[in-house]
Amino acid sequence: MTRTLWRDHDWHLIHVDPQPPALHMALDEVLTHEVGTGRRPPTLRIWEWGGPAVVIGRFQSLRNEVDAEAARRHGIEVVRRVSGGGAMFIEPGNTITYSIYAPLSLIKGMSFQEAYAWMDAWTLEALGELGIKAWYQPLNDITSEGGKIAGAAQAHRGGAVLHHVTMAYDIDAAKMLDVLRIGREKLSDKGTQSAAKRVDPLRSQTGLPRDAIIDHMIATFRRLHGLSDDALRAYELAQAQVLAGEKFTTPAWTGDVP
Amino acid sequence: MHGEYKMPGGKLVVVDLALSDGCLAQVQVSGDFFLEPDDALHAIDAALEGQDAGADEHMLATAIRVQLAPGVMMYGVSPEAIAVAVRRAIDQGAAA
């Protein structure tokens, strides 16, 4: 396998209506597999969230990370994703999340650190065009003068790499700290004021609505790498719905690391 | 018993365990690190299960290393970092 460049691939875009959290987890697994087999072209998927969620990393302990009672009280679904990394607190509209499904050849020969920065170079460019000076902070964060913007995670499956990123648009910090246990320590660790009511680096630094930022990111990707509009195939959605029911909503998976 | 260690330049490693007859039991390693393939986590837990509670960091790291299948990739975590978190769980648990 030789190294490929972004422009060697025919990139497709999926940006569809809001979907429930567990279906997003399942779509990542299905679409990574589809790109790995070559049945689907390399794809950028922008997520829209159908409901609030805590998404924990593949190797995180459920009880150490999540205050289950608080999650229930706020009506928040807790799901475990297929990639490592840290917990995310999601409410529809409070974050921008995307996945890139690419052949492994795109990061062939790269260290983990290089591969993360490579997969998000277009994002840094898009943010720069919106007036945010952002850079990669190893291992897997995108940060800015106004604080951390995003966390990334990769997983390798078959012949494909899944690279997904969640960016903070405008997060209710109090609710997040109510639900995430580790978040309480991490925030103090990073010098963020615990009294902060919002974690809103994208909103406060661009002054733009979330949709406008997403439109600009898509335009940047399209300009740099090429991008054709696409949709989920019916069989992809059907597979993901089965997987959401049989895996990603089950206590066995969510509690795999109890 | 619970121990945590933030690997320098890496991620947070968390270990929960119990002691049974002077040996590690119910070992659970967790954290916001990255492992490929993902079932390597259960191999790591299994490698630590039954280890002597007096084992030092080097012995614990070696026990993990020999158990890992060839080709396992770790990012933001290492056998040594896990061993530190295990020792912290044991020592802090003993002090509590």
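Every number here is computed from the coordinates shown, using simple stated rules; none is lab data. As the structure is a computational prediction, the values presented were derived from the model and not from experiment. Note that we place each Cβ from the backbone using ideal geometry, even for glycine, and neighbour counts take in every protein chain shown.
Points worth noting:
- Top of B:29, B:86, B:66 by mean-square fluctuation, Gaussian network on chain B, Cα under 10 Å: B:66
- Phi-derived couplings, Karplus 6.51 cos²θ - 1.76 cosθ + 1.60 at θ = phi - 60°, listed residue by residue for the stretch A:41-56: x, x, 9, 9, 10, 9, 8, 10, 8, x, x, x, 8, 10, 10, 9 Hz, with x used for Gly and Pro.
- Span-like helix criteria (full DSSP H runs; alpha carbon extent of at least 30 Å along the helix axis; mean Kyte-Doolittle hydropathy of at least -1.0) are satisfied in chain A by no helix.
- Qualifying trypsin sites (Lys or Arg not before Pro) in the stretch B:5-96, where qualification requires a DSSP coil assignment and no more than 15 other C-beta atoms within 10 Å, are lacking entirely.
- Shape call, the stretch A:113-165: gyration tensor on alpha carbons, a/c limit 1.5: prolate
- Local electrostatic count at residue A:242 - Lys and Arg +1, Asp and Glu -1, tallied over other residues with Cβ under 14 Å: -2
- Amide H contacts of residue A:142: A:137, A:149, A:150, A:151, A:152, each under 5 Å away and 5 or more positions distant or on a separate chain (H built 1.01 Å from N in the peptide plane; Pro and chain starts excluded).
- Under-5 Å amide H pairs with residue A:157, H placed in peptide plane, nonlocal only: A:162
- Prolate/oblate/rounded label for the stretch A:81-178 (Cα gyration tensor, a/c 1.5): oblate
- Gyration tensor verdict on chain A (Cα atoms; rounded if a/c is under 1.5, prolate if a/b is larger than b/c, oblate otherwise): oblate
- Here the Karplus relation 6.51 cos²θ - 1.76 cosθ + 1.60, evaluated at θ = phi - 60°, turns the backbone of the stretch A:148-162 into coupling constants of 4, 9, 7, x, 10, 8, 10, 9, 9, 9, x, x, 10, 10, 9 Hz, with x for every Gly and Pro.
- Fraction of antiparallel bridges per DSSP, chain A only, in percent to nearest 5: 75 percent
- Proximal charge balance of residue A:158 [Cβ under 14 Å; K/R count +1, D/E count -1]: -2
- Relative contact order, percent, chain A [alpha-carbon distance under 8 Å, six or more residues apart]: 27 percent
- Loop-located trypsin sites (Lys or Arg not before Pro) in the stretch A:59-114 whose Cβ has at most 15 other Cβ within 10 Å (DSSP): A:108
- Surrounding net charge for residue A:95, when Lys and Arg each add one and Asp and Glu each subtract one, Cβ distance under 9 Å: -1
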